[in-house]
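Contents: one structure, followed by commentary.
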Amino acid sequence: MKYDIRNVERKPDYRNLMKVLEGKSPSRPTLFEFFLNDSLYAFLLEKNNLVFSDVNEYYMLRTKAYLKAGYDYITILACDMRFNPYDPHNIKTKSLNDVPVIFDRKSFDDYEWPDPEEFDYSRLDYVGERLPDGMKIIPYGPGGVFENVISLMGYDNMCYALYDDSQLVNDIFEKVGTTLMKYYEIVCPRNDVMAVISNDDWGFNTQPMMSSEHIRKYVIPWHREIVKIIHAADKPAILHSCGNLESVMDDIISIGYDAKHSFEDNIIPVEDFYESYKNRIAVMGGIDLDFVCRATPEEIHERSKKMLEKGIKGYALGSGNSIPEYVPVENYMAMISAVYE
């Protein structure tokens, strides 16, 4: 494989990613990815498949794979908390209207809400105690405020309720928002945590999933509170949010997010986004996932090199979203190998 870097020495140093998140120039080109996939973890570790006995061992294997690929951190879901236990999990595709569980005031009042303090966060301790020198942890959430409201209500039902019962919608957002605030209050202060991802998809390819006015009323206030919690722990806050968010991008920056992740060429190529916002927010990843799947390894490598040349300050190289199993391994390697030159 032309771009195989598994045997290339690359010492991790999380301070490079910290410089990116601060809008500065790292001492060397730096990688960022939300997550990869189990087949790719096995490939990076030169194993036939990923075998593990528990969640701690799983995250340690992921950590070793991230280290092998040249990342300075590992992303971890801090606990197994979920808002809707009936929502399909770890499937390839799903509907925005799957198994809603809150339909009206009674179902809201009767619902058993998760308590973040009742969950086990020991995987953070386990991995933190075994981190390779130079690596840190970046936790992410059990979905975001908007995503979990949709999971609980169903997208269509939520849209109707915005006009038929706006107080119910407001109360569900408040309950989800305050619960996630508790989650981040538990996660953020840990010493091995270097930054935190707030992951919450807001948009379709053409526009946000609610009007900009509704986004500002129901979603943004809770993200502002979450960012305050992350910053109070002296950690940078990364927003992972898919979709066309152009109409609320100024709001995202005003919230205080240090970095934005998730980009698609059919919305705005990362090169153009970087030129527009490079002095206002750090840019993470952005090499379009469809491009990474369809282009040749040489084309992917060349685009990645050019983006690194453009993104001297406040940029880390990676895909526009994540690396699912259908991404050709050679194409992924062609992308990340650009940081080794």
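The values are calculated or read from the model by the stated rules, or taken from the named source; none is laboratory data. Fair warning: this is a prediction, and the values are worked out from it, not measured in the lab. Every residue, glycine among them, receives a Cβ derived from its backbone with ideal geometry; neighbour counts consider all protein chains shown.
Points to keep in mind about this one:
- Residue in the range 154-163 that is part of a loop (DSSP other than H, G, I, E, B), closer than 24 Å to GLU213 by Cα and modelled with pLDDT of 95 or more present: yes
Yes/no matrix, rows are residues, columns are (1) at positive phi; (2) acidic (Asp, Glu); (3) outside any loop (DSSP other than H, G, I, E, B); (4) crowded, with 21+ Cβ neighbours inside 10 Å:
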| position | (1), (2), (3), (4) |
| --- | --- |
| GLU33 | no, yes, no, yes |
| TYR41 | no, no, yes, yes |
| ASN56 | no, no, yes, no |
| ILE76 | no, no, yes, yes |
| ASP87 | no, yes, no, no |
| ASP98 | no, yes, no, no |
| TRP113 | no, no, no, no |
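- Selection within the range 267-321: residues that are of a type outside the set (A, V, I, L, M, F, W, C) and within 16 Å of the chain's Cα centre (by Cα). The member of this set that is farthest from ASN205 (Cα to Cα) is TYR315.
- Residues satisfying the criterion are absent from the range 11-26 (criterion: among the hydrophobic types (A, V, I, L, M, F, W, C) and outside any helix (DSSP H, G or I)).
- Residue among LEU180, LEU152, LEU131, LEU162 that is within 30 Å of GLU9 (Cβ to Cβ) and surrounded by 14 or more Cβ atoms within 10 Å (Cβ to Cβ): LEU131
- Within the range 57-99, if we keep just the residues that are out of contact with any Gly (no Cβ under 7 Å at 6 or more places or on another chain) and polar (S, T, N, Q), the residue that is modelled with the lowest pLDDT turns out to be ASN90.
- Of residues in the range 244-266 being among the aliphatic types (A, V, I, L, M) and under 18 Å from the mean Cα position of the chain (by Cα), the one nearest to ALA316 (Cα to Cα): ALA259
- Residue count for the range 308-330, restricted to those that are surrounded by 22 or more Cβ atoms within 10 Å (Cβ to Cβ) and either touching a His at 6+ places or on another chain (Cβ under 6 Å) or outside any loop (DSSP other than H, G, I, E, B) (or both): 4
- Residue in the range 184-191 that is in contact (Cβ under 8 Å) with a residue 60 or more places away in the chain and among the basic types (Lys, Arg) present: yes
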